[in-house]
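Bear in mind these aren't lab numbers, they're just calculated from the coordinates by the rules spelled out. Remember, predicted model here, so these are calculated numbers, not experimental data. Reconstructed Cβ throughout: ideal geometry from the backbone, glycine too, with neighbour counts over all protein chains shown.
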Amino acid sequence: MELLNVKIKLNDKISETVLVSEDLWEQWELKKGIIYTLSFGNRTFKTSLNKTIKHEKAIGFPKKAAIQLGIPFSKQVQARIDSSTIKLGPLIGILSGNNCIKSGEIAIQNNSKNDAEFVMEMLSSEKFTAHYSFLFSPGDVDWEREVVLGSFRIVDETGKDHWRHYEVPLPDVIYNRMLSRRAEYSEVGQRFYANVKLAKDIKMFNPHYFSKEFIHEVLLNDEEAVKYLPETIFKPKKSDVWKMVERHRTVFLKPKNRAGGWGIFKITKNDERYIVNNERRIDKYKSLRRCFKRADFEQNRKKYMVQQGIKLIEVDGRNADFRVNLNKNNKNEWVVVAKACKAAGKKSTTTHIRLGGTIHNGTEVLIQVFKDRAPAIEKEIEEAVIILAKAVDKSIGGPIGELGIDLGVDQDGKVWLFEINSLPGRSILHEPGMEDAGMLSIHLLYEYSYFLAGFHLNSKQAER
């Protein structure tokens, strides 16, 4: 049956009868005297229906029926009928590590200002309105009662947004935006993930942080993806590091389970000296022994990976790489949403913003460096990220709705993979000129949520 945009209207009538507008009644070929099952989130409610003469597609819920089904307030949603079951929704939960609403502002544990703004934009989206969406944390869920205390953004009569808290059923879809490994691996976090797996009717996408080692193994065994991998060894011995330095002259010693550029050592052999760059501090040593001591290598060897250094293109004399953000659409297909070039900060080993990295227009940088070859290299970047995303998608135990992929382009124009992020930052989407890409990302997140929930809408339907 076709999906329809339907207005859910709550009223204070004493009657327990759910009312369906005449237009909707006739389109769905409903009948009096039949018990229908209404479904919202992970809750169902059996009731008979009556017809009203209103000429709009609407369903009116008396207070008691709304409470039984868990509908929090009047809203436009999607609806479909299958035999005698009417599904309303979708109900979408955005999972945060810590839901803390103060003075009308949002604070998300370990999330950047950009990410907090993104969650606000997503909850307040004026385009995708045919659903209920809310923010919550693992502690807001009562699994025994199968309810969640959700924080909703409600627009009042003056057009201002306000936070309102409602108890609703377990959602159809959970978008994991818990940007803290500590929160994910905590007892509360692990218990939450275990309960989600047991709940058959909940689809959660971006289920967890990626293991760099696991992703590397996946890509090594993919015929198309393997060509983008620099030489990498996990849990390296000292001899492995020494051999790679001799072979490539420059290597990166990285913690395999940290993000944000923390703890990365760049080691370069220059004549008979080793130049070590870490967190903008540069030291020169006569032997690798001093490098290992600096990195506390003996104690942490199993936590490290060593990776071939790439002679990257430069922006104003600084190494530069590329971040590409991808999202799934309502056909479960990957879409390139945004790409940007990031140049390293002064004396920094990486291009991370916290270390002084700057963001630049990727197309313009490629043209500046490669001239007439730029379009072909840009096409290779876009083809590479789709190949890499598909390879990862096949191997992860759970739906993935977005990825952030960090790539390098060497001075010969070859594309290299550095990292794939399951919970990508959104800093490039807050740059001037990226406004449309930022909105597209939000739209696609909702499209994919609709897909997972079984509400297979196209964009035009969702914006009505």
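Things to note:
- Applying 1/(1 + (r/R0)^6) with r as the Cβ-Cβ distance of Asp436 and Gln299 and R0 = 45 angstrom yields a FRET efficiency of 0.40.
- Sorting 158-165, 404-411 by their mean Cβ neighbour count within 10 Å, with the most densely packed peptide first, gives 404-411, 158-165.
- Difference of contour (0.36 nm per residue) and Cα-Cα distance, Glu2 to Ile275: 91.8 nm
- Each Lys or Arg adds one and each Asp or Glu subtracts one; over the other residues with Cβ under 10 Å from the Cβ of Asn319, this totals +2.
- Cross-link pairs exceeding 32 Å in C-alpha to C-alpha distance, out of Lys57/Lys203; Lys63/Lys200; Lys160/Lys200, comprise Lys160/Lys200.
- Entries in Lys238/Lys284; Lys87/Lys331; Lys254/Lys328; Lys243/Lys302; Lys212/Lys237; Lys331/Lys371 that, when Cα-Cα distance is taken, lie over 27 Å: Lys254/Lys328; Lys331/Lys371
- Segment Ile154-Asn221, extension gain: residue separation times 0.36 nm, minus the distance between their alpha carbons: 19.3 nm
- Cβ-derived FRET efficiency at R0 22 Å, Lys414 paired with Lys394, nearest 0.05: 0.35
- Stokes-Einstein D for the stretch 231-308, Kirkwood Rh over Cα pairs, 25 °C, 0.890 mPa s (µm²/s): 201
- Taking the average, over residues, of other Cβ atoms within 10 Å as the packing measure, peptides 245-251, 278-284 rank 245-251, 278-284 from highest down.
- Cα gyration tensor, the stretch 4-89 - rounded (a/c under 1.5), prolate or oblate: rounded
- Three-way shape label, the chain, alpha-carbon gyration tensor, a/c 1.5: prolate
- Approximate spin-label separation Arg290-Trp143, in nm, with each point projected 7 Å along Cα-to-Cβ: 5.3
- Separation of the Lys235 and Arg164 label points, Cα + 7 Å toward Cβ, nm: 5.4
- Distance (nanometres) between label positions extended 7 Å along Cα→Cβ at Phe214 and Val188: 2.4
- In terms of its alpha-carbon gyration tensor, the stretch 356-447 comes out oblate; a/c meets the 1.5 threshold, while b/c is at least as large as a/b.
- Per residue, the average separation of C-alpha pairs within less than 8 Å and at least 6 apart gives the chain a relative contact order of 13 percent.
- Using R0 = 60 Å, the C-beta based FRET efficiency linking Leu198 and Asn50 works out to 0.95.
- Each stretch of four or more DSSP H residues adds -39500 (n - 2.57); spread over every residue of the chain, this sum gives -8000 deg cm²/dmol at 222 nm.
- Of the DSSP H helices in the chain, those that are both long (alpha-carbon extent of 24 Å or more along the helix axis) and hydrophobic (Kyte-Doolittle mean at least 0.0) are 374-393, 435-453.
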